[in-house]
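So the structure is just underneath, and the comments pick up after that.
The values are calculated or read from the model by the stated rules, or taken from the named source; none is laboratory data. Nothing here was measured: the structure is a model prediction, and the numbers come from that model. Cβ sites come from the backbone with ideal geometry, for glycine too, and all protein chains shown count toward neighbours. Remember, those area values only see protein heavy atoms, side chains included, never the ligands or the DNA or RNA. Shrake-Rupley method; radii C 1.70, N 1.55, O 1.52, S 1.80 Å.
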Amino acid sequence: MGAEEASGVMTTEVLTYIAKALVDHPEDVAVEAVEDDGETVLELRVHPDDMGKVIGKRGRTAKAIRTMVKAAATREGSAATVEIVE
Amino acid sequence: MTNTDAATDATQAGGDGLAPPVELEDPSLTPQQRMDMLDQEADIAADFLEGLLDLLDIAGDLAIEVQEDQAVVNIEEVGSGLLIGRRGVTLEALQELVRCAVQRQTERRSHVRIDVEGYRTRHLDKLRDRCRDAIAEVRESGEPVRLEPMDAFERKMMHDLVAKTGGVASSSEGHEPKRRVVVHPDV
């Protein structure tokens, strides 16, 4: 299994799982892995009403999501950053 | 205060014809009701953590302890520092995510504390040691001493420690996440 193939599977699943646990509209959670300059960017989309839930006060929740996804990336030996897309 | 804001939000969000959610601190609650609420919070936290551990392919047993004013979920037998991270940053993130997940479902403030292999308990012991040093310093110099930034629970523990000691008092200053306890002479 190549590195590219491995990258993003666990991180995508972890990000989706976390986001769904935090929002009121889990069915509207979407994560898309986009390659950018050799790095995986995970684009997170949620229902407009749920934006505040994944960002939190002063970006506190968004920061926690990023830290957790980074840990998942470490676990699978990949690198991924999270972008919350409006 | 942030907590009051969150409580107000939760009360307003609690529509659906149901009674507005009652906070754990409500004096009309019986000890049993309080216990049930903490049980519920711990269950939500444990469900969330189990799913996450599964996805991360990390082993771990969850030990739940419901205390008087909080529930502690300790992840044991992990065999990996991944959930703790450098200086506990991942554990801090985990705590924040659990707080949000619990709050979304209960619509009230979360009282669940997450620990991994007792990391936070040990950290708290270290903070207490440093607080004792600060108390001694304040008594000697008569000058206030600022402790390092801590979360709300840790600050409360420091205030409790100072309150049990004569001749010193404490207050908090700064904004989250840099809010810190200041130990000063009691006048």
Response to the item:
Rounded to whole angstrom, the alpha-carbon centroid of the range B:19-63 lies from that of the range B:120-174 at a distance of 29 Å
Item to complete: Return the loop-located trypsin sites (Lys or Arg not before Pro) in the range B:44-150 (DSSP other than H, G, I, E, B) with at most 13 other Cβ atoms within 10 Å of their own Cβ; answer none if there are none.
Response: none
Worksheet entry | Peptide-level mean, for B:49-57, of C-beta atoms on other protein chains within 10 Å | 4
Fill in: ³J(HN,Hα), Karplus 6.51/-1.76/1.60, whole Hz, each residue of the range B:105-110, x for Gly, Pro
7, 8, 6, 9, 4, 8
Worksheet, complete the sentence: Helix B:152-163 sits off the longest principal axis of the Cα atoms of chain B, rounded to the nearest 10 on a 0 to 90 degree scale, by 40 degrees
Discussion item. Sequence gap at least 6, Cα distance under 8 Å: using those rules, report the relative contact order of the range B:84-149 to the nearest whole percent.
Written reply: 21 percent
Worksheet item: What is the mean number of Cβ atoms from other protein chains located within 10 Å of the Cβ atom of each residue in peptide A:66-74, rounded to a whole number?
Response: 5
Worksheet item: Quick one: Karplus J couplings for the range A:43-50, per residue in order, coefficients 6.51, -1.76, 1.60, θ = phi - 60°, nearest Hz, x for Gly and Pro?
Response: 8, 9, 10, 10, 4, x, 5, 9
Discussion item. Taking only Cα atoms of the range B:22-117, what ratio of Rg to Rh do you get with Rh as the Kirkwood inverse-distance radius?
Written reply: 1.00
Worksheet item: Kirkwood-based Rg over Rh for chain B (C-alpha set), two decimals?
Response: 1.01
Fill in: In Hz, Karplus ³J(HN,Hα) per residue of the range B:124-137 (6.51, -1.76, 1.60; θ = phi - 60°; x = Gly, Pro)
4, 4, 5, 4, 5, 4, 5, 5, 5, 4, 5, 4, 4, 5
Worksheet item: Can you work out the FRET efficiency for the pair B:GLU143 and B:ARG122, with r the C-beta to C-beta distance and R0 = 30 Å, to the nearest 0.05?
Response: 0.50
Item to complete: Just tell me the longest site-free run in chain B, where the sites are GluC sites (Glu not before Pro) in a DSSP loop having at most 11 other beta-carbon atoms within 10 Å.
Response: B:78-187
Worksheet, complete the sentence: Contact order relative to length for the range B:13-160, counting C-alpha pairs under 8 Å separated by 6 or more residues, stands in percent at 21 percent
Worksheet entry | Distance between the range A:9-76 and the range B:74-97 - C-alpha centres, whole angstrom | 18 Å
Worksheet, complete the sentence: Partner shielding of A:56-63, taken as the mean number of other chain Cβ atoms within 10 Å, equals 3
Worksheet item: In terms of Cα to Cα distance under 22 Å, which lysines are near enough to B:LYS156, apart from those fewer than 8 places away along the same chain?
Response: A:LYS57, B:LYS126, B:LYS164, B:LYS178
Practice prompt. At 1.4 Å probe size, with every protein chain present, just tell me what the per residue accessible area of the protein assembly as shown comes to in Å².
Written response: 55 Å²
